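*Asks:* One structure coming up, written as structure tokens, with questions to follow.
Please treat every number below as a calculation from the coordinates, not as lab data. Every value quoted in this text rests on a predicted model; they were computed, and no experiment measured them. Methodologically, a virtual Cβ is constructed for each residue, glycine included, from the backbone with ideal geometry; neighbour enumeration extends over all protein chains shown.
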Amino acid sequence: MRHFLHFIGIVVLFSSCVKEDHFGYSPYGNIKDIEISNQASKATIDQENLTVQVEFPGGVDLSSSLIRSISLSSFATSNKASGDVLDLNQIAEILVTAENGDVVQWKVEPFIASSTPQLVNGDLNAWYQTSSGGYYEPGADEATTIWGTGNPGTQILRLLATTPIEIEDDNLAAKLETLDNGALSGAFGAPISAGSIFTGKFDKDKIDPANPQAAIDFGTPFSGRPLQLQFKYKYSPGPVNKDKNGNTLSYGDQCDIYAYLEIRTTEKTERLATAWFRSGDLQSDFITKNMDFTYGALDNTFPDYMKPENGLYVSADSASFVLPTHITFVASSSYDGANFAGAIGSELVVDDIEMVYE
């Protein structure tokens, strides 16, 4: 995930954790997030009706579903924790106890997934206004979105590198720009911010100055085996590509748009499939692009940047049939933004992200 962590250091310097309002003993007993083994998409949490709906691919044994992670209201406890097992052949129950002693009964409802899933809000038409900062992020709301951006970092500098843009009546897309952070940020070694959008979340509660990457969790649950990644885009590289020290580079800026499928367990993460597009060509008008997913290990004909950082792939004998547990999609206006290299003024607009199955 090295390509899109450049904004985290800025957040660590200028931001602090925010929790639910707390006066006296907290009455909150909410499940804020949960991930269960083999789930096919992000869980849908209804705090009004106290339900959690979890999608699973067909054929999965639901009798011993493992809770991979669970996040509760501040100061709340639960009768279930990470590592516990739920029998989801039927509706399961989780009891959450608020700090003031109130017990809240939650229902976990399983249902069977489509064999050809898509990313929720892949058309990027839904954007919500954040409660802190007032800027817009992709998704219906903060609780349910599968999308994240670099805005939690850049808005500290009163900059937004990722914004919604209306390209037709009622048709929104994501505009990603590479921005000048100004002299002060440049002095701290962060002269630019590249616009980015990705599946995943930024968790301010996990900010760790010793480990900035701890605040980012890339990817979202997913169980399909698409043949191609499809999207619409247009791109204009900035005029002068520079490194973090302000030196002009001999090559131009490029955008990155890619997705990969993974199988994640408690022990390890293995790459199942990869689809990657990197280009510095001017594309003034929208064009639809299809990139094949390559299943299994990437050989030496593929560039190193496409390969997993941990070097782990799904075994060759299972790559042809096994289902993933997660998908990560990422787009950026400057591919080397993690090293604070890019061309100010580079602009990528991306829309209608789809998985092609036939």
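*Asks:* Cβ neighbours within 10 Å, averaged per peptide: list 241-252, 36-47 in order, most packed at the top.
*Replies:* The peptides rank, most packed first, as 36-47, 241-252.
*Asks:* Of the options Gly342, Ala273, Cys255, report the single residue whose Cα projects farthest towards the positive end of the charge dipole of segment 117-356 (beta-carbon charges: Lys, Arg +1; Asp, Glu -1).
*Replies:* Value computed over the given set: Gly342.
*Asks:* Could you state the principal axis extents of the C-alpha atoms in segment 85-231, from the largest down, to the nearest angstrom?
*Replies:* 57, 44, 28
*Asks:* Can you give me the distance in nm between label points at Asn100 and Asp84, each placed 7 Å from the Cα along the Cα-to-Cβ direction?
*Replies:* Between Asn100 and Asp84, the simple spin-label model gives 2.3 nm.
*Asks:* Still on this structure, please answer the following. Quick one: compute a quarter of the convex hull surface over the Cα atoms of the chain and quote it in nm².
*Replies:* Details: hull surface 76.9 nm².
Convex hull of Cα atoms, orientation-averaged projection: 19.2 nm².
*Asks:* Could you go through segment 28-42 in sequence order and give the Karplus-derived ³J(HN,Hα) for each residue, using 6.51 cos²θ - 1.76 cosθ + 1.60 with θ = phi - 60°, rounded to whole Hz, and x for Gly and Pro?
*Replies:* Each residue of segment 28-42 in turn: 7, x, 9, 8, 8, 7, 8, 10, 10, 3, 6, 5, 9, 7, 4 Hz.
*Asks:* How many times 2.2 N^0.38 Å is the alpha carbon radius of gyration of segment 31-112?
*Replies:* After normalising by residue count via 2.2 N^0.38 Å, the value is 1.04.
*Asks:* Taking 8 Å as the Cα distance limit and 6 or more residues as the minimum spacing, I'd like the relative contact order of segment 31-112 as a percentage.
*Replies:* 31
*Asks:* Compute the signed sum of charges (Lys and Arg +1, Asp and Glu -1) over the other residues within less than 11 Å, Cβ to Cβ, of Lys175. Can you show the working numbers first?
*Replies:* Details: positive: Lys234; negative: Glu166, Glu177, Glu347, Asp351.
Net of charged neighbours comes to -3.
*Asks:* Of Leu282, Val52, Val108, which is farthest on the positive side of the dipole of the chain, counting Cα position, with +1 on Lys and Arg Cβ, -1 on Asp and Glu Cβ, and the Cα centre as origin?
*Replies:* Highest projection toward the positive end goes to Leu282.
*Asks:* Further, regarding this structure: So how strong a dipole does segment 204-358 carry about its Cα centre when Lys and Arg Cβ are +1 and Asp and Glu Cβ are -1, to the nearest 20 debye?
*Replies:* For segment 204-358, the charge dipole is close to 180 debye.
*Asks:* Give the relative contact order (percent, whole number) for the chain; include only Cα pairs under 8 Å separated by 6+ residues.
*Replies:* 19
*Asks:* If you add up the charges near Lys107, with Lys and Arg at +1 and Asp and Glu at -1, over every other residue whose beta carbon is less than 14 angstrom from its beta carbon, what do you get?
*Replies:* Taking every Cβ under 14 Å from that of Lys107, the sum is -4.
*Asks:* Could you check the spin-label model distance between Arg278 and Asp169? Points 7 Å from the Cα along Cα→Cβ, value in nm.
*Replies:* 4.2
*Asks:* Related question: Work out from phi, with θ = phi - 60° and the Karplus expression 6.51 cos²θ - 1.76 cosθ + 1.60, the ³J(HN,Hα) of each residue of segment 291-300, listed in order in whole Hz, and give x for Gly and Pro.
*Replies:* Each residue's phi maps through the Karplus curve to give 10, 5, 7, 9, 8, x, 5, 8, 7, 6 Hz.
*Asks:* Continuing with this model, one more query. Output the peptides 323-336, 58-71, 291-304, 226-239 sorted from most to least packed, where packing is the average of other Cβ atoms within 10 Å over each peptide's residues.
*Replies:* 323-336, 226-239, 58-71, 291-304
*Asks:* Which links in Lys175/Lys289; Lys42/Lys107; Lys42/Lys234; Lys232/Lys268; Lys32/Lys307; Lys32/Lys80 stretch past 24 Å when you go from one Cα to the other? Walk me through the numbers on the way to the answer.
*Replies:* On the way: Lys175/Lys289 17 Å; Lys42/Lys107 16 Å; Lys42/Lys234 29 Å; Lys232/Lys268 33 Å; Lys32/Lys307 33 Å; Lys32/Lys80 14 Å.
The answer is Lys42/Lys234; Lys232/Lys268; Lys32/Lys307.
*Asks:* Run through segment 31-100 and list the GluC sites (Glu not before Pro) located in a DSSP loop whose Cβ has at most 13 other Cβ atoms within 10 Å.
*Replies:* Here the GluC sites (Glu not before Pro) that fit, given the DSSP loop and packing criteria, are Glu48.
*Asks:* Taking the Cα centre of the chain as origin, sum charge times position over the Cβ atoms of Lys and Arg (+1) and Asp and Glu (-1), and report the length of that vector in debye to the nearest 20.
*Replies:* Details: 23 positive and 47 negative charges, 178 e Å.
Around 860 debye, computed over the chain.
*Asks:* Distance in nm between label sites at Phe286 and Ser131, each 7 Å beyond Cα in the beta-carbon direction?
*Replies:* My value for the distance between the label points is 3.4 nm.
*Asks:* Ok, one more. Where Lys and Arg each count +1 and Asp and Glu each count -1, what net charge lies around Tyr335 among other residues with Cβ under 10 Å from its Cβ?
*Replies:* Computed value for this residue: -2.
*Asks:* How much mean residue ellipticity at 222 nm does the chain get from its helices, if each DSSP H run of length 4 or more adds -39500 (n - 2.57) and you divide by all residues, to the nearest 500 deg cm²/dmol?
*Replies:* Dividing the helical sum by the residues of the chain leaves -1000 deg cm²/dmol.
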